[in-house]
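A quick write-up on the structure given underneath.
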Amino acid sequence: MAMLLTMAVPVFAEEPDSSIEQIPIDEVREADIEGVDASSLEDSEIQNSQQVSIEKLKKAVAKVVVVDGTRTVLYEDGTLILNELDSDQENNEAKHGAASKEFPAWDGTENDYAFGDTGVPWFNSRYNIKRVEIGSKISPTDTSKWFFNCTNASSAELSNLDMSNVTSTDGMFYSFGSQTLSVTISGLETWDMSNVKNMHGTFQWVGQNAGNIAILGMEDWNVSNVTDMSEMFDSIGYRAESIMISGLDGWDTRNVTTTQKMFYMLGYEAEAVTISGLENLNLENVKTAVSMFESCASADKCEFALDVSKWNVSKIENMNNMFSCFRMSASKVTFLGFDKWKINNHANLSGMFQMMGMSGTSPTISEYNIGILTVPGGCIVDSMFYAADNVKGTLIINGMPISEYGGDINLAWGTNRTGGALYLAPTNTATLTWAQETVDKYGLSGDQTQG
């Protein structure tokens, strides 16, 4: 399978001296201690630091311990093997060269190998990692930032990674392979994701410069406990030729509360972008969908249709830039099912369909058909269609819209300069008066420079 930076790099632990590798305190065994009284290293004594000298403690944990016949090792050729079996060491050295770094192996307890933002042992060797493999099975509880910024890695085979106890994959592959021409992440079909709650930025910036990217094997993922999918696929394959993401069809996303930037700038310059299963997303508990599809597939020229009729958006409070610059180079984009939407009163719809791209890029789309969309009173609609072109559709205005900044509501400033027809359908006297004044002033139907 062929196959992700705006986030601040977290502060990671300083890398130890190359001749001294760290291991968890609870892995220190009596046989590993030279010149240290074993009784002084009982758990209760370690917690009472005044009973044990810092010098003795450092000496006690300075050795690499191979736990249960395994080690985690980075080879000369850039292959990182987590929990390499002792029996495989000879063959791996023949295949990958000598070991250049060794790290603590998983000790068989569910609480180990949860490093958070500050303790990933191989972080300081991240630019030397070219491939990732799992030797014997690992069952962690948290894989956050595991391969964060491994920009030169081109593959990861992770079928031996037991995800059944994992609760967070936050930033797990952030910028993985972003400087390589191809990226392969395999083994995802074996993952049990039933306990994961946080998937923020899991694949963010994967394969930024890769050619063809496909993220497959997610078809059977149980994501029913996930609440955060923000930035999950953000900027994958920014400069890729083609991208395919499949497997979302069967996802149970009923507990997700944020999809902010979920597909933001995915395949921004890609010629072909395919994301299957979007029509089945369950958004019933989502509160923010800010920039969910902003600038996604902006260069893809293929005709595209998206069925959103099943999306329950009644709890979404903020849709700012939700579809901003989404597929704005396509020959035609058709949204199906906006007429089924019941938008939350007072929702923020500003910039929802605006098309002012990065660096002032203008849309080249031939037709952008939204069908019928009902906007309830009290919604913020500033620049809702700013600079959008060739938009066709009708906005049913069920109450007075508002501006976040006060004054005139620039609902569609600069809209439909070359064509299209966007109509307002007010439902009462107040909105009729507002709509008439807006059309007279800004020319919503098409050709005025402040439409």
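Coordinate-derived values only; no laboratory data. Note that the coordinates shown come from a computational prediction; the quantities given were computed from them, not determined experimentally.
Close amide H pairs (under 5 Å, H built 1.01 Å from N) link K101 with L74, residues at least 5 positions away or on another chain.
Non-local lysine pairs in segment 285-344, meaning eight or more places apart or on different chains, with alpha-carbon distances under 22 Å, amount to 11. Computed from backbone phi, the HN-Hα couplings of segment 233-246 come to 10, 4, 6, 4, x, 3, 10, 5, 7, 8, 9, 10, 10, 10 Hz, rounded to whole numbers (Karplus: 6.51 cos²θ - 1.76 cosθ + 1.60, θ = phi - 60°; Gly and Pro given as x).
Once backbone amide H atoms are built at 1.01 Å from N, A425 has L395, I396, I397 as its partners under 5 Å, excluding neighbours fewer than 5 places away on the same chain.
Couplings 3J(HN,Hα) for segment 89-102, derived from phi with the Karplus relation 6.51 cos²θ - 1.76 cosθ + 1.60 (θ = phi - 60°), are 4, 4, 5, 5, 5, 5, 7, 10, x, 6, 6, 9, 8, 10 Hz, where x marks Gly and Pro.
Using C-alpha pairs below 8 Å separated by at least 6 residues, the relative contact order for segment 329-451 is 22 percent.
Couplings 3J(HN,Hα) of segment 186-202, computed from phi: 10, x, 5, 5, 8, 7, 9, 9, 5, 9, 6, 10, 10, 10, 3, x, 3 Hz, in residue order, whole Hz [Karplus 6.51 cos²θ - 1.76 cosθ + 1.60, θ = phi - 60°; x for Gly and Pro].
What translational D, rounded to a whole number of µm²/s, comes out for segment 329-451 from Stokes-Einstein when the hydrodynamic radius is the Kirkwood one over Cα pairs, at 10 °C and 1.306 mPa s? Numbers along the way, then the final one.
Working: Rh = 14.3 Å.
Roughly 111 µm²/s, to the nearest whole number.
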